[in-house]
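The values are calculated or read from the model by the stated rules, or taken from the named source; none is laboratory data. Worth saying up front: this structure is predicted, and the values here are computed from it rather than measured. Here Cβ is always computed from backbone atoms with ideal geometry, including for glycine, and neighbour counts include all displayed protein chains.
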Amino acid sequence: MMISRSKHRSSIEVCSDCAASDPSWASINRGLLLCAECCSVHRSMGRHISHVKSLRQGCWPPSLLAMVQALTAQNVNSIWEHSLLDTSAPKHLRKKPTPKDPLHPVKSEFILAKHLRLAYVLRARRDEPPSELGRQLHSAVRSSSLDTCMRLLAQGADPNYYNQEKGSMCLHVACRAGQPAQAELLVAWGADVTARDSAGNTPSECARLGGHNELACRITELVYEATDRMIYFLTGERPDHAGGRHYIVPRAHDTHEMTDVAKAARGKLQLLPNHLFEELVMDIYDEIDRRETEAVWQTSATGLERCGVAFLPVNPALSAPRNQGRQKLARLSAPEFATLLRDVLVDATRRQRIASLHPRGMTGPMNPLLSASHLKHMSHMSDDEPLYDSVASDDDYAALAPIELDMSSFDPKAGETVSSSYNPSLPTEQTDSTATQPKEEIETLKKELDSRDSTINELKSQLKNLQSIVEQLTKENSVLKTNSIDDDSIISQPSIEDVKPERGKSLEQQLNLTEDEVKMKSQRPVSMYETREGPKNNWQVTKHQLTSIPGLERSLTQGTLEGVASMLDIDCVREQLSVEVVQVRAEAVTRAIQELWCAARSHRSLPDKADSIRSATGSLLALFPQKCDDPSLQHVVDELRAASEKVTLACTSQAPLDHVRTAAYDLAKATKLLVTHYQPT
């Protein structure tokens, strides 16, 4: 049930950042009330920093509204401004903007320091491990002290902390204790609403076991929060989760009405793995939130703060390609964006049906479409490992027609409410028979998977053949260089006694001619294309080997011939080998960083991983002299060396996990810059 916030307002409400009266916005994850001017800065930071919502035009779930009201009543703003309340600090460090101060730069700089850099938050003790904060949070969520939980979260407590002794997460405890406001706070900070405790119960089931049916229904809504937001934005309707109907699937496009570009786009969408599909749903969810907030913003804000947010702000926790893709969503027109939402919802239903057919074979979460908060947590994890992101291109997708779904059960109108194939409150065996997936579609997917596996194996074999050819050419270049030196050493100028007289020519003429010939012979060949029998024959054999590789397409063969021909010069071969060595050793550094991060997250010993990083970094630095001719390259090498020492120090001194993470990130960044800037001379 949704209620209007305007009907439940306190008599005394001020902006948490500048103390202006009558605030009209709220930051959900911060638990603060904001005026329009301060809210404009919050919007520019992004939803991952501050998730704002209108107090006057937005519809609020009752438990979410109660959470914000409780945090305001408990003066949670003192957590974000702790150092400002310290009377022992200098006055210039305790200055807070007033409502009459200009938005830029006074208010904006203060808000960025307060919320983005967390300059005024009460820091946790250095000797207090993150696991201790998690244990305190696990214990505090069973009470109504929201300010205590907010303080722990602000200090770095994990909302998904799992207590080994209790066999449960924080959200399980809050649901079993019947604390809806605590549950809303945990979800706002990224708690997983689909996680199971040691007994196999989800948070919704824990609430039902505790007799809190209303809270259980709310948690079920949060499970489908991402798709619910998409459905409401597209159709203005909400699924009936209490009745077991979790999706409203719009009618799919008819095949004959779709363009070739639309068909290719749908085919790529259906080929996405589940984790990439979940990231796409999360990005679309953020874009919907931006568009809806922007619509409210343009009708309510006035003056300087009226400037909107044209696209999703950059999230440093995500990769650069993903941030670019998120911003490109704003370029879609309303019809284009609606088409994307319709295709995503149709494919989400298809994936849900496939998951219901193989519930025990799924290694991921029980629901491929998770809540928006959990998808946010998953997105951060997927970008942490690996540290270097691979960007997919159109060549990574085969020319595959979109999979046609059986839409005969759908109403020919705009859409029809269908029942989800999985109900979290019922056993898997009780799923609806209407969710049965046609066997032909599964067989098609299997055939496509087998076809791609065979293509990968064939490309691997071709790569091995090409590598052997490059090695053969390298050896030939070495032999040519040795033979050229030997030829120079045995050539000498003939003496006068060695020249025999010829008829019609004087001895002096014959001697001059011989000396000219000797000079021509004493010159080394300027390239491998000099008329020497050995290289010429070997090149013909190599060309025959390249063109005779089975299954190699014409375009790939032509490109390979051109690449090998350009490498025939010995200097080019040396340059290529040096670049490959740098890349190989840089990849070794990256693997060592990934092993270090895995060990840090699992609380294993870090000094051993530090030795691996030191060894891999030293091997990479050994390729470069102490003083490089290129100043920019020398700067990058120095940064890499300093970053390696920083990681080693952080691991050996048992620094906090945040320090280890920062040091590892700096090392990965320096390694990537070195590979990018290295240009062999």
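Looking across region 117-159, the residues that are under 11 Å from residue 80 (Cα atoms) and among the aliphatic types (A, V, I, L, M) come down to 118, 119, 121, 122, 150, 154.
Search region 73-88 for residues being of a type outside the set (Ser, Thr, Tyr) and assigned to a helix (DSSP H, G or I), and hand back the single one that is farthest from residue 145 (Cα to Cα). Quick ask: steps written out before the conclusion?
Step one: of region 73-88, the residues of a type outside the set (Ser, Thr, Tyr) are 73-77, 79-82, 84-86.
Then keep just the ones that are assigned to a helix (DSSP H, G or I); that gives 73, 77, 79-80, 84-85.
Numbers: 73: 11, 77: 14, 79: 13, 80: 17, 84: 23, 85: 21 Å.
By that ranking, first place goes to 84.
Which residues, taken from region 169-178, are buried (at least 24 other Cβ atoms within 10 Å of the Cβ) and outside any helix (DSSP H, G or I)? 169 - this is the single residue of region 169-178 that is buried (at least 24 other Cβ atoms within 10 Å of the Cβ) and outside any helix (DSSP H, G or I). Of all the criteria given as (1) among the charged types (D, E, K, R); (2) touching a Phe, Trp or Tyr at 6+ places or on another chain (Cβ under 9 Å); (3) without any contact (Cβ under 8 Å) to a residue 24 or more places away in the chain, the one not satisfied by residue 96 is (3). Consider residue 644 carefully, then state whether it is surrounded by 13 or more Cβ atoms within 10 Å (Cβ to Cβ), of a type in the set (Gly, Ala, Ser) and within 23 Å of residue 319 (Cα to Cα). The answer is yes for residue 644.
Please find, within region 225-244, the residue that is surrounded by the fewest Cβ atoms within 10 Å (Cβ to Cβ) out of those that are assigned to a loop (DSSP other than H, G, I, E, B) and of a type outside the set (Asp, Glu). Give the derivation first.
So in region 225-244, the residues assigned to a loop (DSSP other than H, G, I, E, B) come out as 236-244.
Then keep just the ones that are of a type outside the set (Asp, Glu); that gives 236, 238-239, 241-244.
Details: 236: 7, 238: 14, 239: 21, 241: 19, 242: 11, 243: 10, 244: 18.
Top of the filtered list is 236.
Applying the criterion of being of a type in the set (A, V, I, L, M, F, W, C) and either part of a strand (DSSP E or B) or not assigned by TED's automatic domain parsing to the domain that holds residue 98 (or both) to the residues of region 14-28, the residue that is nearest to residue 190 (Cα to Cα) is 26.
Whether a residue is without any contact (Cβ under 8 Å) to a residue 60 or more places away in the chain, of a type in the set (D, E, K, R) and surrounded by 18 or more Cβ atoms within 10 Å (Cβ to Cβ) was assessed, and residue 127 does not pass this test. The condition (being buried (at least 19 other Cβ atoms within 10 Å of the Cβ) and not in a loop (DSSP other than H, G, I, E, B)) is satisfied by just one residue among 70, 66: 70. Regarding residue 165, is this residue part of a loop (DSSP other than H, G, I, E, B), acidic (Asp, Glu) and either at pLDDT below 95 or within 17 Å of residue 67 (Cα to Cα) (or both)? The answer is yes for residue 165.
All conditions in (1) touching an Asp or Glu at 6+ places or on another chain (Cβ under 6 Å); (2) surrounded by 17 or more Cβ atoms within 10 Å (Cβ to Cβ); (3) under 19 Å from residue 37 (Cα atoms) hold for residue 297, with the sole exception of (1).
Here region 43-79 is the region considered, the condition is being under 31 Å from the mean Cα position of the chain (by Cα) and free of Cβ contacts under 8 Å to residues at least 60 places away in the same chain, and the residue that is farthest from residue 16 (Cα to Cα) is 60. Restricting attention to region 29-42, the residues that are crowded, with 22+ Cβ neighbours inside 10 Å, under 30 Å from the mean Cα position of the chain (by Cα) and either in a loop (DSSP other than H, G, I, E, B) or of a type in the set (D, E, K, R) (or both) total 2. Determine whether region 654-665 contains at least one residue that is farther than 14 Å from residue 596 by Cα, surrounded by fewer than 16 Cβ atoms within 10 Å (Cβ to Cβ) and charged (D, E, K, R). Within region 654-665, none of the residues are farther than 14 Å from residue 596 by Cα, surrounded by fewer than 16 Cβ atoms within 10 Å (Cβ to Cβ) and charged (D, E, K, R). Elements of the type helices (runs of 4 or more DSSP H) sitting completely within region 255-345 and holding at least 2 residues that are aromatic (Phe, Trp, Tyr) and modelled with pLDDT of 90 or more: these cover 274-300. Filter region 190-213 for residues that are under 16 Å from residue 178 (Cα atoms), small (Gly, Ala, Ser) and crowded, with 20+ Cβ neighbours inside 10 Å; which is nearest to the chain's Cα centre (by Cα)? Only one residue fits best here, namely 204.
On inspection, residue 369 fails the criterion of being under 29 Å from residue 261 (Cα atoms), at pLDDT 85 or above and crowded, with 19+ Cβ neighbours inside 10 Å. Scanning region 611-629 for residues that are more than 16 Å from residue 586 (Cα to Cα) and touching a residue at least 12 places away in the same chain (Cβ under 8 Å) turns up just one, 629. Of all residues in region 242-254, those satisfying the criterion of being more than 31 Å from the chain's Cα centre (by Cα), at pLDDT 75 or above and not aliphatic (A, V, I, L, M) are 243, 244, 245.
Per-residue answers, yes or no, for (1) in the same structural domain as residue 649 (by TED's automatic domain parsing); (2) modelled with pLDDT of 75 or more; (3) under 27 Å from the mean Cα position of the chain (by Cα):
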site	(1), (2), (3)
582	yes, yes, yes
586	yes, yes, yes
602	yes, no, yes
616	yes, yes, yes
619	yes, yes, no
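Scanning region 666-681 for residues that are surrounded by fewer than 16 Cβ atoms within 10 Å (Cβ to Cβ) and outside any loop (DSSP other than H, G, I, E, B) turns up 669, 676, 677.
The single condition among (1) at pLDDT 80 or above; (2) under 16 Å from residue 593 (Cβ atoms) that residue 634 does not meet is (2).
The helices (runs of 4 or more DSSP H) found entirely in region 98-158 that carry 1 or more residues being among the basic types (Lys, Arg) and either in contact with a helix residue (DSSP H, G or I) (Cβ under 6 Å, 6 or more places away or on another chain) or under 20 Å from residue 317 (Cβ atoms) (or both) are 146-154. Inspection of region 151-164 finds a residue satisfying the criterion of being within 34 Å of the chain's Cα centre (by Cα), assigned by TED's automatic domain parsing to the domain that holds residue 190 and loosely packed, with under 15 Cβ neighbours inside 10 Å.
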